[in-house]
């Protein structure tokens, strides 16, 4: 009945036009787990860190109901570190430093209690690592969601395609959808990627929202226009966490319910970007989430009569 | 009871990644008038052309119910001409040639029958020309909508601010909203621009939809994800035409009704980009528009229970 989350738990150092962080906790699996934990409590983490990682963050994760049995802690080694600087438009960024550290030779090892999970979130990692996780499962989960990025399309495309062929939902951004499909039109791009295996695709467009497409349907959710966007790092992961967390909670993977999951993922991402790192996701109240969801409902609500009325 | 449309009627030559046009009819007022005429029949055009302009296009406009009494035809002169090439992402373009011709010394002259209009659409033109139109009115229209662009912010900012102070709704794109306000956040940008005079602002985001904001409300309409986008030229003008055409038809300028107008404007723009120039707007059937509107309704439709359920 659990949700297994695979991805990095790491350090980031981030500079945006609106501020600068110290070395803070980040990583795809951190954002995914914290976001999903707002909707679902049986979350099992698969990741790797060094012995330099702050214990209080791990305690926070555990307090949110995240099982850390699958988190490898490498004595004498350092955690993955990324430093980046966002441009004025927040849609593009330069990597200033990447230190793979423990990630360089990460071999995920799923505890027995993880192997019959119902929901699996494969956060952005090398496709070979994602494949290794799939191979360790005892049964096919009810739903597997994959997040990936252009880096793996450039340097591990065949392995990535193998992963894509085994998942139910893929989340990528618009440029990545265009790169993977070779099509400019996102409608055509989605169709080609669905032909690779997934039943549905979520095309993330950052501040321009997200598109959910399956073979028959299309749904669009905007990003919430915000007064303050401090740090877009982890927004896509936070989205994915809210998306699969809600699906695991509701145990309904119909397109209609995935639409709700997209809205909840967008709501969670809209919180994440308001502060550096995972800060805004910790201690977030249900009433805050409900209020944000209501803003989403209002943002797109209209009623219309057709011209032929 | 009429809608006066001010703007260019001109020639374009357009190259996009998906094709190339001959010298074809374009111009802001052409797109605005044809789009508005789908919803409202008492449209009066203010513009200028040379004697090189095709009579059959003028006949088409007249057949759509567009009054051409305010269209100056300059004997022995040539119409405004623009040639441009769009980049792969369709959001950016290079101007290859601009020939102002009749536009160089255009002084709009409103026929008497235009001066007590109820709706006024000031399409993109020099702010001095837009001001001249406002000065020729006998009474304040029920609604004045202004479209402009970054070019005028760069070279005629004070006159532009004077126009902005006199209109009810301003439509600009996201980059222009940021430039005009000096704010990155579109929410903050909108607030600053509303302080300049308008009651509402439409921030156009191209393939990423449009935001409608007044002092109390915010509404977002996506652009329709399309299989084929041939030519984005005139999409913003087509949007504006559908927007004000519907408002003139319904005679209701409440925020609730402006939301509908934004959806109808988006629907019209989604047709326009499917072909080069104004081709797709001519002979468009009500049933086609109704079908497209239904796609918009479906695209953003979701129902959700709050977390606290």
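The values are calculated or read from the model by the stated rules, or taken from the named source; none is laboratory data. Fair warning: this is a prediction, and the values are worked out from it, not measured in the lab. Methodologically, a virtual Cβ is constructed for each residue, glycine included, from the backbone with ideal geometry; neighbour enumeration extends over all protein chains shown.
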Subset of the stretch A:244-273 (residues that are buried (at least 24 other Cβ atoms within 10 Å of the Cβ), away from chain B (no Cβ under 13 Å) and farther than 16 Å from residue A:286 by Cα): A:244, A:247, A:248
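What residue, of B:31, B:88, is in contact (Cβ under 8 Å) with a residue 12 or more places away in the chain and in contact with a helix residue (DSSP H, G or I) (Cβ under 6 Å, 6 or more places away or on another chain)?
Values: B:88 fails: in contact with a helix residue (DSSP H, G or I) (Cβ under 6 Å, 6 or more places away or on another chain).
It is B:31.
Of all strands (runs of 3 or more DSSP E) completely enclosed by the stretch A:30-133, which ones contain at least 2 residues that are crowded, with 18+ Cβ neighbours inside 10 Å?
Numbers: elements: A:43-50, A:66-74, A:81-86, A:93-99, A:119-122.
By residue number, A:43-50, A:66-74, A:81-86, A:119-122.
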If you check residue B:137 against the conditions, is it more than 17 Å from the chain's Cα centre (by Cα), surrounded by fewer than 21 Cβ atoms within 10 Å (Cβ to Cβ), in a loop (DSSP other than H, G, I, E, B) and in contact (Cβ under 8 Å) with a residue 24 or more places away in the chain? yes
Pairs with Cβ under 8 Å, 6+ apart, first in the stretch A:283-309 and more than 7 Å from every other protein chain (Cβ to nearest Cβ) and more than 19 Å from residue B:217 (Cα to Cα), second at pLDDT 90 or above and buried (at least 17 other Cβ atoms within 10 Å of the Cβ): A:284/A:38; A:284/A:271; A:288/A:271
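Looking only at the stretch A:247-267, which residues are free of Cβ contacts under 8 Å to residues at least 40 places away in the same chain and in a loop (DSSP other than H, G, I, E, B)?
We begin by selecting, within the stretch A:247-267, every residue free of Cβ contacts under 8 Å to residues at least 40 places away in the same chain; these are A:250, A:252, A:254, A:256-257, A:260-261.
Scanning the stretch A:247-267 gives A:252, A:254.
Residue-wise test of (1) under 24 Å from residue A:220 (Cα atoms); (2) touching a strand residue (DSSP E or B) at 6+ places or on another chain (Cβ under 8 Å); (3) at pLDDT below 95; (4) crowded, with 20+ Cβ neighbours inside 10 Å.
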{"residue": "B:146", "(1), (2), (3), (4)": "no, yes, no, yes"}
{"residue": "B:183", "(1), (2), (3), (4)": "no, no, yes, no"}
{"residue": "B:195", "(1), (2), (3), (4)": "no, no, no, no"}
{"residue": "B:199", "(1), (2), (3), (4)": "no, yes, no, no"}
{"residue": "B:227", "(1), (2), (3), (4)": "yes, no, yes, no"}
{"residue": "B:236", "(1), (2), (3), (4)": "yes, yes, no, yes"}
{"residue": "B:240", "(1), (2), (3), (4)": "yes, yes, no, yes"}
